[in-house]
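J.: Sending over a structure as structure tokens; questions will come in a sec.
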Amino acid sequence: MPWSRKLIEPITLKDGRVLTVADARAFMLALPERRQMAPYWQYAAELLLKAATRNSVDAPRDTWAQLRRALMAEGMV
């Protein structure tokens with residue numbers, strides 16, 4: 001799942017943006033460092049990297065689920 005691919009299901013933010021894998025990466029990198037250090041973002045980053053660079057069967061679904069959890073924790077979805 002390269003950076004340019006879409007997530008397995010769209011994640012639409014409250015502001016109407018729909019995240020792709022690359023969008024999710026950019027979104028996470030734009031967060032203040034303090035927020036990036038939250039465990040839910042750390043785990044999302046780990047899964048996102050695995051999904052983008054490895055051919056894992058479970059990585060896309062796990063990545064989508066963790067991104068949703070992190071975004072919900074931030075009140076973004």
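The values are calculated or read from the model by the stated rules, or taken from the named source; none is laboratory data. Computed from a predicted structure; not experimentally measured. So basically every Cβ, Gly included, is an ideal-geometry build from the backbone, and we count neighbours across all protein chains shown. The area values use the complete protein model at the heavy-atom level, side chains included, leaving out ligands, DNA and RNA. Shrake-Rupley method; radii C 1.70, N 1.55, O 1.52, S 1.80 Å.
J.: Can you tell me how many residues within segment 6-50 are assigned to a helix (DSSP H, G or I), open to solvent by 90 Å² or more (accessible area, probe 1.4 Å) and at pLDDT below 90?
T.: Adding up the residues that qualify gives 2.
J.: Working only within segment 63-74, note down all residues that are surrounded by fewer than 18 Cβ atoms within 10 Å (Cβ to Cβ) and in contact (Cβ under 8 Å) with a residue 12 or more places away in the chain. If you could, list the steps in order and put the result at the bottom.
T.: Step one: of segment 63-74, the residues surrounded by fewer than 18 Cβ atoms within 10 Å (Cβ to Cβ) are 65, 68-69, 72-74.
Within segment 63-74, Arg68, Arg69, Ala73, Glu74 qualify.
J.: Can you name every residue in segment 51-62 that is part of a helix (DSSP H, G or I), of a type outside the set (S, T, N, Q) and open to solvent by 40 Å² or more (accessible area, probe 1.4 Å)?
T.: Arg61, Asp62 - these are the residues of segment 51-62 that are part of a helix (DSSP H, G or I), of a type outside the set (S, T, N, Q) and open to solvent by 40 Å² or more (accessible area, probe 1.4 Å).
J.: Sticking with this one: Among Arg54, Arg25, Arg34, Arg61, which is under 19 Å from Val77 (Cβ atoms) and out of contact with any Phe, Trp or Tyr (no Cβ under 9 Å at 6 or more places or on another chain)?
T.: On the way: Arg54 fails: under 19 Å from Val77 (Cβ atoms); Arg25 fails: out of contact with any Phe, Trp or Tyr (no Cβ under 9 Å at 6 or more places or on another chain); Arg34 fails: under 19 Å from Val77 (Cβ atoms).
The conditions single out Arg61.
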